[in-house]
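Encoded as structure tokens, the structure appears first; notes follow it.
Just so you know, all these numbers are worked out from the coordinates, no wet-lab data involved. A quick note: this is a predicted structure, and the numbers were derived from the prediction, not measured. Because the Cβ atoms are built from the backbone with ideal geometry, glycine has one as well, and the counts that use them run over all protein chains shown.
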Amino acid sequence: MPVETLQIDTLVIGAGQAGVAMSEHLSRQGVPHLVVERSRIAEAWRTARWDSLVANGPAWHDRFPGLEFEGLDPDAFATKDQVADYFEAYARKFNAPIRTGVEVRGVERNVGRPGFTVETSEGLIEAIHVVVATGPFQRPVVPPIAPDLTSVTQLHSAQYRNPGQLPEGAVLVVGAGSSGVQIADELRRAGKQVYLSVGAHDRPPRAYRNRDFCWWLGVLGEWDAEAVKPGKEHVTIAVSGARGGHTVDFRRLAHEGITLVGLTKSFNGSVVTFEANLAENIARGDENYLALLDAADAYVTRNGLDLPLEPEARHLPPDPQCLTQPVLELDLVAAGVTSVIWATGYSVDYSWLKVDALCANGKPRHQRGVSSEPGLYFVGLPWLSRRGSAFIWGVWHDARHIADHIVKQRIYLAYQDAAQRQAPALGSALRSKTSLTGVR
Ligand SMILES: Cc1cc2nc3c(=O)[nH]c(=O)nc-3n(C[C@H](O)[C@H](O)[C@H](O)COP(=O)(O)OP(=O)(O)OC[C@H]3O[C@@H](n4cnc5c(N)ncnc54)[C@H](O)[C@@H]3O)c2cc1C
């Protein structure tokens, strides 16, 4: 039974970093709005990550322009709870109109009048504009090759919390992006035997010549790249801020005891087969690493910067045996593997979005977050406008663009032609049908 029907100009769904950024820009521009969040502000940072997770970028970088992390060294990596606290503090800072504990269950386009009717757990909301800020990483993806094995505990990285959660025995971690490598490293340090299945990846140096890679990607224009480079569509990025931050170096991980294997291909009962592409994947990761060092050196020279040389960054450790003689097949039972962690990414879930705004693959149809469905917007998605879009520092800029677009649309909707201006009574009657009159 709905407890209220609310009318609002702009409804933002989700109060993660994207929703908070959206609210800040709408507030600045005087757009009446409400943010509804099914759980708490920045809930994903609070409870949907493993216990030891820290931000992948340093505190000076992984933040919004308007607030620094209080009490944190700018070069330190905020813990996941510090990140969640940060967004709560940020929302308080401008008194963001956020209602927590309100879940959106359906969004429908109105017929014969502008805007949308939004069904929530607390009743109906009528909104002229709806901004979907429900996050890029909603539904954990486990590939269909996952075996049906009772002897092995299988979980997605979204469900992983700490090593104590796993049964005794070895672990296969599938996927070596930032989540997979960090989880594999943590499990190895906890004394577990670990197999890490490595696909195509980029692995920038954590820091080079006294500058974090976030700085390098910024000055080199990489965060602003507008499209994935051809051939890089399925390439993940392996970085880590864990234990003060370090370069992800797969050879070092192998020398420390992790067995690297190629891309996980298939399962036949308890026997898993790996692609024979480990060396190639590592070599391409090295190329990416070295290319960034080259670009950084060129930038230093071009700009005459006084940054210390770091030739040792180019010394790669010797190839470990698992690289020269790769394991192509492994019987999980015989190898004592009792857990498989699928660090294989996420997809979105818009089953509640009952408007014609999605492509056949379920992804939004949009230009820089402005949906093909007028009045509807998306923010916080990877590559929404550029490489930085799904990250803390990137979403803030995308949110500003979307707020600007909403402001422009409000001007169009508020426009009165000459006849309306001369007949205010008639004009306002017309506006009540076509614009925001009566909407708070
Ligand atoms: C493991 C991991 C580590 C990451 N580390 C970093 C990092 O170090 N630095 C960085 O910049 N980025 C990082 N990211 C990427 C990104 O910053 C985070 O995923 C971030 O949480 C995305 O913010 P968001 O606001 O877009 O989505 P979310 O944080 O997911 O927020 C969406 C919100 O919407 C709410 N919601 C969803 N559906 C509904 C509904 N129907 N009704 C009401 N509310 C709803 C959810 O409860 C949630 O609070 C990381 C991502 C992952 C997965």
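Shown for SER339, SER347: other C-beta atoms within 10 Å of each C-beta, ranked fewest to most, produce the order SER347, SER339. Here the extension length gained between GLN29 and PHE94 equals 22.1 nm, from 0.36 nm per residue of separation less the Cα-Cα distance. Could you tell me the distance between the Cα centroids of region 240-278 and region 329-400, to the nearest Å? Answer, in whole Å: 24. When THR100, THR120, THR153 are arranged by Cβ crowding within 10 Å, least crowded first, meaning fewest neighbours, the order is THR100, THR153, THR120. Looking at region 122-220, the GluC sites (Glu not before Pro) that sit in a DSSP loop and have at most 11 other Cβ atoms within 10 Å of their own Cβ are GLU168.
The relative contact order of the chain comes to 21 percent, based on Cα pairs under 8 Å that sit 6 or more residues apart.
Charge dipole (Cα centre; +1 on Lys/Arg Cβ, -1 on Asp/Glu Cβ; no other charges) of the chain amounts to roughly 1240 debye.
Summed over qualifying helices (DSSP H, 4 residues or more, each -39500 (n - 2.57)) and divided by its residue number, the chain shows a 222 nm mean residue ellipticity of -8500 deg cm²/dmol. Once you've got the Cα coordinates, tell me which of LYS80/LYS363; LYS229/LYS363; LYS232/LYS265 are over 23 Å apart. From LYS80/LYS363; LYS229/LYS363; LYS232/LYS265, over 23 Å: LYS80/LYS363. Placing unit charges on the Cβ atoms of the charged side chains and taking the dipole of the chain about its Cα centre, the candidate lying farthest along the positive direction among ALA360, GLY388, SER178 is ALA360.
Exposure proxy for ILE183, ILE406: other Cβ atoms within 10 Å of each Cβ, ordered fewest to most, give ILE406, ILE183.
Label sites at ASP404 and VAL327, each approximated as a point 7 angstrom past Cα along Cα to Cβ, lie 5.2 nm apart. Computed from the Cβ-Cβ distance with R0 of 45 Å, the FRET efficiency linking ASP319 to LYS363 stands at 0.70. For region 143-342, the direction-averaged projected area of the alpha-carbon convex hull comes to 12.1 nm². Spin-label model, ARG252 to LEU149: label points 7 Å out along the Cα-to-beta-carbon direction sit 3.0 nm apart. The slack in the chain from GLU70 to ASP356, taken as 0.36 nm per residue of separation less the alpha-carbon distance, amounts to 98.7 nm. Along its three principal directions, the equivalent ellipsoid of the chain from the Cα gyration tensor extends over semi-axes of 45, 26, 19 Å, largest first.
With 0.36 nm allotted per residue and the present C-alpha distance subtracted, the ARG139-ALA419 stretch has 95.6 nm of extension available.
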